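Let me give you the structure first, and then I'll get to my questions.
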Amino acid sequence: MLISIDTLRADHLGSYGYERDTSPRLDAFAAEATRFARAYAASYHTADSHMSVFTALHPSVHGVRNTRSASEARPLTAAVVTLPERLAAGGLRTFGYHAGGNVSPAYGFGRGFEEYRGTGSEVQPAIDRLADLASRPAERFFLFFHTYRPHDPYLPAAPYNELWEKEYAGPVLGSQEAFDAQLAEGEDFAEKRRLFWSRIDPEVPADLRKAIALYDGEIRQTDDEIGRLLDQIDRMPQRILVAVMSDHGEEFHEHGRFLHDQLYDEVLHVPLMIRHPDRVLAGQVVDAPVGLVALAPTLLDLAGVQGFEAPQAASLRALMEGGAPAAPAPVLAEKIVTLEEDGATPRLHHRALISRHLKLLSLGQRGELLFDLELDPREREDLAAIRPDDRVRLAGALARIAARNDQRRLELRDRDAPGRTEIDAEMVEQLKALGYL
Ligand SMILES: [Zn+2]
């Protein structure tokens, strides 16, 4: 079972040290699970990041990007096998309940699922499916649940919208009713977002605090909803492994912007918790930095299903069981801003490389930043000029990884192409048979 809570930054959960009580159910879950204290999303965007989870490939390799609408989606190449496909081949039934947008089937996310259905962030369809599966205890299954609940515009239902900063009386729209009163009939999601953000002035501390309080209210509402899902899981006769993750976090002007746009930790640092069916390793905390690109290999490993041919990260099982790798692999995250005309090769490309406590942020033409996350977790002080040896070492590692990724992308393109040629050859035969050629 994989639960993906979209747009959930790790440091706004109690189990990750947040001072507000945003996540009692997820905190209780964490106490029964292995919690990865430093898990990193592969990208800042929903489609790119989720596809890295589904394929164990970096975004610049699998090639799936966010688009403004699913009709513009460029689907995953047929040359790549996905997590649900592997699990289905391993004999598991596979179900996906997603909230649409950038995890729609058009991107390739539905591949390998017996059912992959848009359910608008509602948990009930997933609960109903679990209840149905409970009557067939011999069946093994994989269920993916995805919710956009904490995503902007932050309009949690009452009473979640007034849990914090209740006394605020400024222009920020703090309830669905206040929001609807300002909204013209039939306005689309982009318009709703614009209206919500037009009321928030980041220079006004009270506005900023209110926006954060509303985001936290969304998290608390999500926590209650996920709690209902966890209750159903606890009623199941099957032994169920449960992983909880997010695809990226959210910015609140820590580095001059809102939403999720940059590769600072408020965007990349996400929750990752894996609960064993027998609660072994309960309360275990893994401190080493890990990438969510390693999640699928871990789930396949723990499920006893054959792994991917060439994943870009190894299973985290040994780390979970207390083993520490001699040389932990650095973690890569990517922001692909623009593409070459082939639609696949990154042109403007920002990358972050996390190696132990150091983080290199490569911003293309704008140069490189270096942070020491242990001394400076908020990434305020750029050390690139002060610690040139570290900068050069990490930049070298990043260049090697980037070159390997370019190579992998070209290999996939070449593997994809013969498939098309075969279809073409088949079509030629059909056309010949029909007398056209
Ligand atoms: Zn997302």
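In the stretch 102-134, whose amide N lies under 20 Å from the spot 7 Å out along Cα-to-Cβ of ALA89? List them in ranges.
108-116
I'd like the GluC sites (Glu not before Pro) in the stretch 117-184 restricted to DSSP loop residues with at most 12 other Cβ atoms within 10 Å, sorted by number. Numbers along the way, then the final one.
Working: sites: GLU122, GLU139, GLU162, GLU165, GLU167, GLU177; in loops: GLU122, GLU139, GLU165, GLU167.
The qualifying sites are GLU139, GLU167.
Taking the Cα centre of the stretch 2-320 as origin, sum charge times position over the Cβ atoms of Lys and Arg (+1) and Asp and Glu (-1), and report the length of that vector in debye to the nearest 20.
For the stretch 2-320, the charge dipole is close to 1140 debye.
Would you mind calculating the relative contact order of the chain from Cα pairs under 8 angstrom and at least 6 residues apart, reporting the percent as a whole number?
Details: 831 pairs, mean separation 103.1, N = 437.
Dividing the mean separation by the residue count of the chain yields 24 percent.
Same structure, new question: Solvent-accessible area per residue for the chain at a 1.4 Å probe radius, Å²?
On a per-residue basis, 44 Å².
Then there's this: Please say if the stretch 82-126 is rounded, prolate or oblate, where rounded means a/c under 1.5 for a ≥ b ≥ c the square roots of the C-alpha gyration tensor eigenvalues, and otherwise the choice is prolate for a/b larger than b/c and oblate otherwise? Could the numbers behind the result be given before it?
Working: a/c = 3.27, a/b = 1.46, b/c = 2.24.
Oblate shape, in that a/c is at least 1.5 and b/c is the bigger or equal ratio.
Starting with the highest mean, order 35-41, 334-340 by the number of other Cβ atoms within 10 Å, averaged over the residues of each peptide. Present the calculation step by step, with values, prior to reporting the outcome.
Details: 35-41: 25.1, 334-340: 16.6.
In descending order of packing, they fall as 35-41, 334-340.
If you don't mind, there's one more thing I want to ask. Within the stretch 4-83, report the GluC sites (Glu not before Pro) that DSSP leaves as loop and that have at most 12 other Cβ atoms within 10 Å.
Sparse-neighbourhood loop GluC sites (Glu not before Pro): GLU19.
Another question about this same structure. Based on DSSP, what percent of beta bridges with both residues in the chain are antiparallel, to the nearest 5?
Once the DSSP bridges in the chain are tallied, antiparallel ones form about 55 percent.
Could you work out the mean projected area of the convex hull around the alpha carbons of the chain, in square nanometres to one decimal?
Hull-based average projected area comes out at 24.4 nm².
State whether the stretch 98-171 is rounded, prolate or oblate according to the following rule on the C-alpha gyration tensor (a ≥ b ≥ c being the square roots of its eigenvalues): a/c under 1.5 gives rounded; otherwise a/b larger than b/c gives prolate, and the remaining case gives oblate.
Oblate, since a/c reaches 1.5 and b/c is not below a/b.
Next up: To the nearest 10 Å², what's MET236's accessible area with a 1.4 Å probe?
For MET236, solvent-accessible area is about 20 Å².
Could you work out the local net charge near ARG400, counting Lys and Arg as +1, Asp and Glu as -1, over the other residues with Cβ closer than 14 Å to its Cβ?
With Lys, Arg at +1 and Asp, Glu at -1, the net is +3.
Carbon and sulfur: what percent of the chain's accessible surface (1.4 Å probe)?
With neighbouring chains kept in place, the figure for the chain is 50 percent.
For ASN66, list long-range residues whose amide hydrogen, built 1.01 Å from N in the peptide plane, is under 5 Å from its own amide hydrogen.
Distant-sequence amide H within range of ASN66: ALA47, ASP48.
Within 10 Å of each candidate Cβ there may be at most 11 other Cβ atoms; applying that plus a DSSP loop requirement, which trypsin sites (Lys or Arg not before Pro) in the stretch 195-258 survive? List each step's numbers first, then the result.
On the way: sites: ARG199, ARG209, LYS210, ARG220, ARG228, ARG235, ARG239, ARG257; in loops: ARG199, ARG235, ARG239, ARG257.
Sparse-neighbourhood loop trypsin sites (Lys or Arg not before Pro): ARG235, ARG239.
The values are calculated or read from the model by the stated rules, or taken from the named source; none is laboratory data. All figures in this text were calculated on a predicted structure; none of them were measured in a lab. All Cβ positions, glycine included, derive from the backbone under ideal geometry; neighbour counts span all protein chains shown. Protein only, heavy atoms only, side chains kept; ligands, DNA and RNA dropped before computing areas. Shrake-Rupley method; radii C 1.70, N 1.55, O 1.52, S 1.80 Å.
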